[in-house]
1. What's the number of the condition Val512 fails, among (1) away from ligand 1 (no atom under 12 Å from the Cβ); (2) in contact (Cβ under 8 Å) with a residue 40 or more places away in the chain; (3) in contact with a helix residue (DSSP H, G or I) (Cβ under 6 Å, 6 or more places away or on another chain)?
2. Let me spell it out: the conditions are (1) in contact (Cβ under 8 Å) with a residue 24 or more places away in the chain; (2) more than 11 Å from ligand 1 (Cβ to nearest atom), and Gln403 meets all of them except one. Which number is the exception?
3. Can you find even one residue in region 162-171 that is at pLDDT below 95 and over 14 Å from Ala224 (Cα atoms)?
4. Can you list residue pairs whose Cβ atoms sit under 8 Å apart, with the first residue in region 142-168 being touching a residue at least 12 places away in the same chain (Cβ under 8 Å) and the second being part of a loop (DSSP other than H, G, I, E, B)? Count only pairs 6 or more apart in sequence or on different chains.
5. Do we find a residue being more than 34 Å from the chain's Cα centre (by Cα) and within 16 Å of ligand 1 (Cβ to nearest atom) anywhere in region 431-446?
6. Restricting attention to region 164-178, and to residues there that are aliphatic (A, V, I, L, M) and assigned to a helix (DSSP H, G or I), which single residue is farthest from Gln288 (Cα to Cα)?
7. Here are some residues: Phe566, Phe575, Phe561. Which one is within 15 Å of Ala483 (Cα to Cα) and hydrophobic (A, V, I, L, M, F, W, C)?
8. Does any residue of region 452-461 turn out to be in a strand (DSSP E or B) and away from ligand 3 (no atom under 16 Å from the Cβ)?
Amino acid sequence: MELETLEFRNDLALYLVEDSSPRRSLLLTYDILWSRYDTFLSSQETAAMRRAFNAQPIVERAFRLIQRHEQAVLNGDRERLQNLLNEIDIVLPQIRNLMVNNFTGPASIEQRAFLDEKIKVMYAAMFILTLVLIFFAFRLYRNSSKQQELAWQDRLTGLPNRNYLLDCLYKAVQQNRIHTLLLIDIRRFKDINDLMGYEQGDKALTKLASQLNSICLPYGYPCARVSSNEFAVLAYSDGRHLSFFTQPLCDSLRRAIDSIYPGHRLSLAIGIAKSLDVDTHSGNSHWQFANELLNNADLALMRAKQAPVTKDSIDTFKTEYEQEAQQRRRLRDELKAHLIDPYQDALYVAFQPIVSADPNRLGCEALVRWHHPEYGPINPELIVNVAEESGLGQRLGTWILQQVHLALNTEWQSINTHIDIAVNLSDSFFNESLIADVITIFAKHPEQRKQLIFEVTETMTIDDIGRFSLLMNQLRDVGIRIALDDFGTGWSSMAVLNHLSFDKVKVDRSFVTGMADITRQQVLVDTICHMAHQLGIHVVAEGVETREQLTSLQQMGVDEFQGYFFAKPLSAIDFYAFCIDYLNQKNVLLSKQSIKNLFNINNF
Ligand code: C2E
Ligand code: CA
Ligand code: CA
């Protein structure tokens, strides 16, 4: 009955929509529906159904409705048929409910209502869930873009960081793009932090970074801050004619540095490495290639940093730098082993005599020596450098002091005069633990500490003059004297002399060498002597090679002399022999008379 009502309703609707629609189908479904209602309302079999669920009045109402419109159906009266359709649409859900009630009972209706309700709740929940998801997705996006930023960007300066640079480098290698890497170091940047505070230091870095960025931007060269005071630029150029870029780069950074810190103490060191110079042997992965380039730029930068700190310097990687770096690595490993091997004899300390006009004194300078089986004699400055850069500076310093202590306690003890030993201190050795080291090494012979003179250089004092002065006083308290080495080669020798009280100054070899020809040098040495004596400081001249040099130095009043004229650095046993000879009146300085005799100097 429900289906037939529905079918008639649909035919009716179709007839009303389409003008040309034939009425035959409508009449047929009308007849069927008529007889269906009729049968339902009159047959015996449906009597029980009619009583149930209030079916009788509902179906009667529907039957009366179609009966009322019989003429309209037969005539195709559209207007009335439209009314019929409207009314059937009201009757149809009642008949549908009747059917549902009849077949499934009221529980089903309740269930449907319950389900309808549930569906509504579900839609609401889904809506809320979607909102929550969108919120979380947004937060996730924001966090990940922040993480991305942190991963690629330097927080302080806003410049890209080392990771970003490595990525650019990797991509350049991958795309076979010719490139050149520049590493830029701001030397003595620590001064800004120390003297002006970290806030100014940060501002200075930010300024330099923005300057660098504005230079690189027009060329499309990526730049980055790769460590605290080091920047890098990846120039997409073969590097052969890079001055079009490096010149304005240096000029602009120099201007920025001068505006930040007009004291001219900071300088730029730039190391350059070209991709064309990287060894492209097969099997080299992109990463290895990029790392090698970075390593080459680092080596070039190290070279650039060897220039005096007072001026800007640029160096470009050359293949021999890598060989030197390999040699340094090997020396580092071997030095480390030698320092703990009591049986090795390749590394030793030599002693160069320092003679004095005072007949009761004789001295020497302890100088490290290394006879390498493959490389031959290693330059002592290289030994010290290798030790310093590999963290062995302190160990080497301790080892040298131990050798000095050993030497003092050999046959040297039988020398019947006071022997001073000058020991060079490296940067890392001159620190708070030095005193403890000295006390331990000289524990059995504390009186020998009076024989020690520690030689320091001006650059060691500059970083923190207050701390330096404190350490100096502590050393003095245990009987050690301090000499200022290489006097006159630095910038602020006078300032250092003014602020710190030294026992000796050592006039640098370059003054002594140049003295014979250049009167200016003579005047300078003369002045240094005069000034030092006024301050109660002894003057030592190093690099005395000739009789003439000795004579004029003596005339100027230099107190002690060191140089090849007397002896080259000697082994401990040879130094002992020298002392015996010297003290057996072979000495040229014992008395004014002997000098006159020996050097034939009439006006002395
Ligand atoms: P320095 O402290 O100025 O040492 C003096 C240097 O001058 C020594 O060079 C010595 O051999 C050389 N010399 C002395 N007299 C003459 C001379 O008449 N003519 C010439 N041409 N040279 C002379 P050396 O031994 O090559 O040492 C070079 C530098 O290496 C030293 O300069 C010092 O800075 C450093 N050094 C050497 N030994 C040690 C050490 O044990 N510890 C530390 N920290 N540094 C050391
Ligand atoms: Ca020295
Ligand atoms: Ca010196």
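1. (1)
2. (2)
3. Within region 162-171, one or more residues are at pLDDT below 95 and over 14 Å from Ala224 (Cα atoms).
4. If the second residue must be part of a loop (DSSP other than H, G, I, E, B), the pairs left are Pro160/Asp154; Pro160/Pro222; Asn161/Asp154; Tyr164/Pro222; Leu165/Pro222; Cys168/Pro222.
5. The answer is yes, given that some residue of region 431-446 is more than 34 Å from the chain's Cα centre (by Cα) and within 16 Å of ligand 1 (Cβ to nearest atom).
6. Looking only at region 164-178, we keep the residues that are aliphatic (A, V, I, L, M), and these are 165-166, 169, 172-173, 178.
With assigned to a helix (DSSP H, G or I) added as a condition, the list becomes 165-166, 169, 172-173.
Working: Leu165: 15, Leu166: 11, Leu169: 11, Ala172: 13, Val173: 10 Å.
Residue satisfying both the conditions and the ranking: Leu165.
7. Details: Phe566 fails: within 15 Å of Ala483 (Cα to Cα); Phe575 fails: within 15 Å of Ala483 (Cα to Cα).
The unique qualifying residue is Phe561.
8. First pass over region 452-461, keeping only residues in a strand (DSSP E or B): 452-456.
Filter once more, keeping what is away from ligand 3 (no atom under 16 Å from the Cβ): 452.
Among the residues of region 452-461, at least one is in a strand (DSSP E or B) and away from ligand 3 (no atom under 16 Å from the Cβ), which makes the answer yes.
The values are calculated or read from the model by the stated rules, or taken from the named source; none is laboratory data. Note that the structure is a prediction, hence the values are computed from the model and not measured. Virtual Cβ from ideal backbone geometry, glycine too; neighbours counted across all protein chains shown.
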